[in-house]
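Novice: Can you keep this structure in mind? I'll have questions shortly.
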Amino acid sequence: VGVPHPASRLVALALKPDCIQCLQCLPILSAVYNTYLKYHFVSAFWKEVADDFFWKKPATGPMLQYNFDVTIGNIYVKCMEGAKTNMCYNVLDRLVRERNLGEKVAYYWEGNSPDHHMAITYSQLLSQVCRCANVLKKMGVKKGDRVSIYLPMIPELVYTMLACARIGAVHSIVFAGFSSESLCERIMDAQSSVLVTADGVYRGEKLINLKQIADEALEKCREIVTKCLIVKHHALRTKSGAASNIMTDFMSGICSLFWCVQTPWDSECDVWWEEVMRDSPEECEPEWLDAEDPLFILYTSGSTGKPKGVLHTVAGYLLYTSLTFKYVFDHHHDDVYWCTADIGWITGHSYITYGPLANGATSVLFEGIPVHPHVGRFWEIIEKYKVTKFYTAPTAIRLLMKYGREPLYDLSSLRILGTVGEPINPEAWQWYHEAVGKGRCPVVDTFWQTETVKHSYLTLNPHLIFQTFPFFGVEPTILNEHGEELEGEAEGYLVFRRPWPGIMRTVYRNHERFENSYFKKFPGFYVTGDGCRRDKDGYYWITGRTDDMLNVSGHLMSTAEVEAALTEHPAVAEAAVVSRPHKVKGECLYCFVSLKDSREFTHTLVEELKRLVREKIGPIATPDFIQNAPALPKTRSGKIMRRILRQIARNEKDLGDLSTLADPKVVEELFSQRCEAA
Ligand code: PRX
């Protein structure tokens, strides 16, 4: 495959089914496999990886120190203690100054409408980041301060996160599809002094007034946020994406003007991005940080319903995102890489911003959605930029499968396909491999989490649809309910025996919750919360969550969070939420609600409840099904038996043992009122 590094050959190797017969490449494979083992187990390897980057001061401690056993003491992971560096310097200055990549395109930004696009080189990115860093500094942001970012997929999102990294501020990005309440909760928890947002954005045909949502959030946290920096994105850049002509341009100009004038403004707090960036200097000395200083907080759903601020630190995150990107996507200098995730999620943090930039890659940064303005939008973009590496989620694949792959577009540039976020079903995998990859592109299925930051597992063989090898340094095992390790063919809890540089360090301001959530159940192991099966050949299959979490369109959410939103409605006495398989989303929300006496279950109530969840959490959490539940199936001690509710939602009649139920008649009644269609 023409790559000098043996480990990247491992990633790029495409085993064909007839290889099993010919076996001529066996010596190469075994050499590659030995190299993999060496990289996997030899800790000096991390030192080699670190040598690629700039360290203002070298490490004084070992590459990795840790305790994973709560019975011994506090859980901690430390990487390269004593070293000083700066993430932004490593992903920008190092490339522009030391590797002469200033003129290389870092991002092709592609707007919601195909009419909007721009290319941003590494030097341009560096200068925008420095200007933004100076703006933040002028607003009083210092090392260690938190900055909340509520922006759509526009270049300013990347500028702001890197500006924070440059000055040592800790960014907390909130996905711009979250509601004002969710945004407020995250701002309060992070205690952010600055919020960066935009006036508005089109998602497909839908206009979202981000500033208004941000204002609603700020109403409850005015005493925390002193400045709100607002990008004039909608007013300056966007149109609905409809075909452009003089009349529509004129109308959209008028609308934009009107939009600006009518944007509510708090002159004490609000600042237009364009105005402060204009005169901001293009030079900004990076803040040299300790290896274990925080880089960012990213909130993920917790099973109690309150989101957890997952905290990642500078050096470990740099080493691991850059390395996983390099090997998983077999990065080459002339690649054009595209990850379709939103930077509001961990996939975007690791594989749109930090990992690709650390490798000097050229990426596509896409603001829109897969089906706007037409269902071939993804394929159009791949053809337009000659994308070589494409990384998306099973939910997007399932959505596009419905329309078939338009032969109109040329996808011959593609070399590697990736998937992430949820288990990929065989039908979707097959279509991705054949219709998109034409059977010649390996599909890397990457299993990981906000907490683990990077690929913990990945499929290296294009003809296998499950995770095979753990990434370098990752040591998985499977435990039973009693915490005993299972050998051979087995199914149980997926856990990790030791950390790697990029694993999360704590839950922000709540280390106890970190220990309780991930280390208490099985002392000595990091507990993923996922189930896993090892087959007779020793390959691993992720079977889904083992806790009260749901994965809707690749987004993790807790049942408790949705239940809390539902019970805020005055008519609802109790709610229980479970998952039901969904053709496109993978899983969707099926909610059972018990109403207060005298309240009637009507279509209007169902609509009100859906709206309530949307407002409280965001559109991604909108329930597909809401069923009236005069009573819920409970054990004699009062615990809701979700297993039974899940089976009712899925219409699985074989309910197994019901002897622990306080009132088995409840089940029959719920079955009779089951929702068939959404
Ligand atoms: O259940 C697993 C599922 O998504 C969870 C992590 O979600 P989040 O922290 O939001 O990060 C998503 C992006 C990495 C996991 O615990 N998951 C993620 N990737 C896969 C997966 N399940 C199966 N296969 C995958 N490739």
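Novice: Take the conditions touching a residue at least 40 places away in the same chain (Cβ under 8 Å), among the charged types (D, E, K, R) and crowded, with 23+ Cβ neighbours inside 10 Å and apply them to Arg186. Does it pass? Break it down stepwise before answering.
Specialist: Numbers: touching a residue at least 40 places away in the same chain (Cβ under 8 Å): yes; among the charged types (D, E, K, R): yes; crowded, with 23+ Cβ neighbours inside 10 Å: yes.
Yes, satisfied.
Novice: When segment 158-181 is examined, which residues are found to be over 30 Å from Thr121 (Cα atoms) and surrounded by fewer than 23 Cβ atoms within 10 Å (Cβ to Cβ)? Even if it seems obvious, please write down each step before you answer.
Specialist: Residues of segment 158-181 over 30 Å from Thr121 (Cα atoms): 178-181.
Of everything in segment 158-181, those that are over 30 Å from Thr121 (Cα atoms) and surrounded by fewer than 23 Cβ atoms within 10 Å (Cβ to Cβ) turn out to be Ser179, Ser180, Glu181.
Novice: Return the total of residues in segment 433-456 being within 16 Å of the ligand (Cβ to nearest atom) and within 25 Å of Leu323 (Cβ to Cβ). Reasoning before the result, please.
Specialist: First pass over segment 433-456, keeping only residues within 16 Å of the ligand (Cβ to nearest atom): 433, 442-456.
Add one more test, that the residue is within 25 Å of Leu323 (Cβ to Cβ), and what stays is 442-456.
Adding up the residues that qualify gives 15.
Novice: Just to verify a result, which residue in segment 553-568, among those that are buried (at least 19 other Cβ atoms within 10 Å of the Cβ) and more than 13 Å from the ligand (Cβ to nearest atom), is nearest to Pro307 (Cα to Cα)?
Specialist: Filtering segment 553-568 for residues that are buried (at least 19 other Cβ atoms within 10 Å of the Cβ) and more than 13 Å from the ligand (Cβ to nearest atom), the one nearest to Pro307 (Cα to Cα) comes out as Glu561.
Novice: Against the definition (in contact with a Cys (Cβ under 9 Å, 6 or more places away or on another chain) and outside any loop (DSSP other than H, G, I, E, B)), how does Leu95 come out, yes or no? So that I can check it myself, show each step before the final result.
Specialist: On the way: in contact with a Cys (Cβ under 9 Å, 6 or more places away or on another chain): no; outside any loop (DSSP other than H, G, I, E, B): yes.
Taking the combined requirement at face value, the residue does not satisfy it.
Novice: Now for a separate question. Please determine whether any residue of segment 266-284 is in contact with a Leu (Cβ under 6 Å, 6 or more places away or on another chain) and surrounded by 16 or more Cβ atoms within 10 Å (Cβ to Cβ). Let's see the steps before the verdict.
Specialist: Going through segment 266-284, the residues in contact with a Leu (Cβ under 6 Å, 6 or more places away or on another chain) turn out to be 271, 273.
Adding the requirement that they be surrounded by 16 or more Cβ atoms within 10 Å (Cβ to Cβ) leaves 271, 273.
There is at least one residue in segment 266-284 that is in contact with a Leu (Cβ under 6 Å, 6 or more places away or on another chain) and surrounded by 16 or more Cβ atoms within 10 Å (Cβ to Cβ).
Novice: Additional query: Report whether or not Glu574 is away from the ligand (no atom under 16 Å from the Cβ), touching a residue at least 40 places away in the same chain (Cβ under 8 Å) and crowded, with 18+ Cβ neighbours inside 10 Å. If you could, list the steps in order and put the result at the bottom.
Specialist: On the way: away from the ligand (no atom under 16 Å from the Cβ): yes; touching a residue at least 40 places away in the same chain (Cβ under 8 Å): yes; crowded, with 18+ Cβ neighbours inside 10 Å: no.
No; evaluated as a whole, the condition is false for this residue.
Novice: Using the structure shown, decide if Val375 is surrounded by fewer than 23 Cβ atoms within 10 Å (Cβ to Cβ), within 20 Å of Pro152 (Cα to Cα) and at pLDDT below 95. Spell out how you get there, then give the answer.
Specialist: On the way: surrounded by fewer than 23 Cβ atoms within 10 Å (Cβ to Cβ): yes; within 20 Å of Pro152 (Cα to Cα): no; at pLDDT below 95: yes.
No.
Novice: Restricting to segment 500-552, and then to whatever is over 23 Å from the mean Cα position of the chain (by Cα) and over 24 Å from Phe472 (Cα atoms), can you tell me which residue is farthest from the ligand (Cβ to nearest atom)? Walk me through it before giving the result.
Specialist: Looking only at segment 500-552, we keep the residues that are over 23 Å from the mean Cα position of the chain (by Cα), and these are 512, 520-525, 533-539.
Now restrict to residues that are over 24 Å from Phe472 (Cα atoms): 512, 520-521.
Numbers: Glu512: 20, Lys520: 17, Lys521: 15 Å.
Step by step, filter segment 500-552, then rank; the result is Glu512.
Novice: Hey, among the residues in segment 412-424 that are polar (S, T, N, Q) and free of Cβ contacts under 8 Å to residues at least 60 places away in the same chain, which one's nearest to the ligand (Cβ to nearest atom)?
Specialist: From segment 412-424, those polar (S, T, N, Q) are 412-413, 419; that's our starting set.
Checking which are free of Cβ contacts under 8 Å to residues at least 60 places away in the same chain leaves us with 412, 419.
Working: Ser412: 26, Thr419: 6 Å.
Only one residue tops the list, namely Thr419.
Novice: Of the conditions (1) at pLDDT below 95; (2) buried (at least 24 other Cβ atoms within 10 Å of the Cβ), Trp338 clears all except one; give me its number.
Specialist: Going through (1) at pLDDT below 95; (2) buried (at least 24 other Cβ atoms within 10 Å of the Cβ) one by one, Trp338 breaks only (1).
Novice: Also: Restricting the search to segment 318-335, which residues are out of contact with any helix residue (DSSP H, G or I) (no Cβ under 7 Å at 6 or more places or on another chain) and either buried (at least 24 other Cβ atoms within 10 Å of the Cβ) or among the aliphatic types (A, V, I, L, M) (or both)?
Specialist: Tyr320, Phe329
Novice: Quick check on my filter: what residues within segment 322-353 are within 16 Å of the ligand (Cβ to nearest atom) and of a type in the set (A, V, I, L, M)? Full working, then the answer.
Specialist: First, the residues of segment 322-353 that are within 16 Å of the ligand (Cβ to nearest atom): 324-325, 328-329, 339-353.
Within segment 322-353, Val328, Ala341, Ile343, Ile346, Ile352 qualify.
Novice: So if I check each of Tyr493, Tyr518, Tyr539, which one is of a type outside the set (D, E, K, R), touching a residue at least 60 places away in the same chain (Cβ under 8 Å) and surrounded by 18 or more Cβ atoms within 10 Å (Cβ to Cβ)?
Specialist: Working: Tyr493 fails: touching a residue at least 60 places away in the same chain (Cβ under 8 Å); Tyr539 fails: surrounded by 18 or more Cβ atoms within 10 Å (Cβ to Cβ).
Residue meeting the stated conditions: Tyr518.
Novice: Next question, about the same structure. Would a scan of segment 616-635 turn up a residue that is hydroxyl-bearing (Ser, Thr, Tyr), under 27 Å from the mean Cα position of the chain (by Cα) and modelled with pLDDT of 90 or more?
Specialist: We begin by selecting, within segment 616-635, every residue hydroxyl-bearing (Ser, Thr, Tyr); these are 622, 635.
Subset that is under 27 Å from the mean Cα position of the chain (by Cα): 622.
Checking which are modelled with pLDDT of 90 or more leaves us with 622.
The answer is yes; a qualifying residue exists.
Novice: Out of all the residues in segment 134-163, which are assigned to a helix (DSSP H, G or I) and over 27 Å from Ile208 (Cα atoms)?
Specialist: Restricting attention to segment 134-163, the residues satisfying the condition of being assigned to a helix (DSSP H, G or I) are 134-138, 155-163.
Scanning segment 134-163 gives Asn134, Lys137, Lys138.
Novice: May I pose another question? Any residue in segment 554-566 that's modelled with pLDDT under 90: show its pairings with residues that are part of a strand (DSSP E or B) and more than 9 Å from the ligand (Cβ to nearest atom) at Cβ separation under 6 Å, as long as the two are six or more apart or on different chains.
Specialist: Pairs found: Met557/Leu550; Thr559/Val577.
Novice: Another question, if that's okay. Is it the case that Ala106 is hydrophobic (A, V, I, L, M, F, W, C), crowded, with 21+ Cβ neighbours inside 10 Å and not in a helix (DSSP H, G or I)? Even if it seems obvious, please write down each step before you answer.
Specialist: Values: hydrophobic (A, V, I, L, M, F, W, C): yes; crowded, with 21+ Cβ neighbours inside 10 Å: yes; not in a helix (DSSP H, G or I): yes.
Here the answer is yes, as Ala106 does meet what is asked.
Novice: Let me ask you something else. Using beta carbons and a limit of 6 Å, which pairs, at least six apart or on different chains, have the first residue in segment 288-308 and closer than 19 Å to Ile149 by Cβ and the second one within 16 Å of the ligand (Cβ to nearest atom) and basic (Lys, Arg)?
Specialist: Qualifying pairs under 6 Å: Tyr299/Arg186; Thr300/Lys308.
Novice: Select from segment 564-601 the residues that are closer than 15 Å to Ile626 by Cβ, acidic (Asp, Glu) and not in a strand (DSSP E or B) and list them in ascending order.
Specialist: Passing the criteria: Glu568, Glu600.
Novice: A further question on this structure: Give me a count of the residues in segment 629-677 that are farther than 19 Å from Val572 by Cα and either assigned to a helix (DSSP H, G or I) or touching a residue at least 60 places away in the same chain (Cβ under 8 Å) (or both).
Specialist: Counting residues in segment 629-677 that are farther than 19 Å from Val572 by Cα and either assigned to a helix (DSSP H, G or I) or touching a residue at least 60 places away in the same chain (Cβ under 8 Å) (or both) gives 12.
The values are calculated or read from the model by the stated rules, or taken from the named source; none is laboratory data. Note that the coordinates shown come from a computational prediction; the quantities given were computed from them, not determined experimentally. We place every Cβ from the backbone using ideal geometry, glycine too, and count neighbours over all the protein chains shown.
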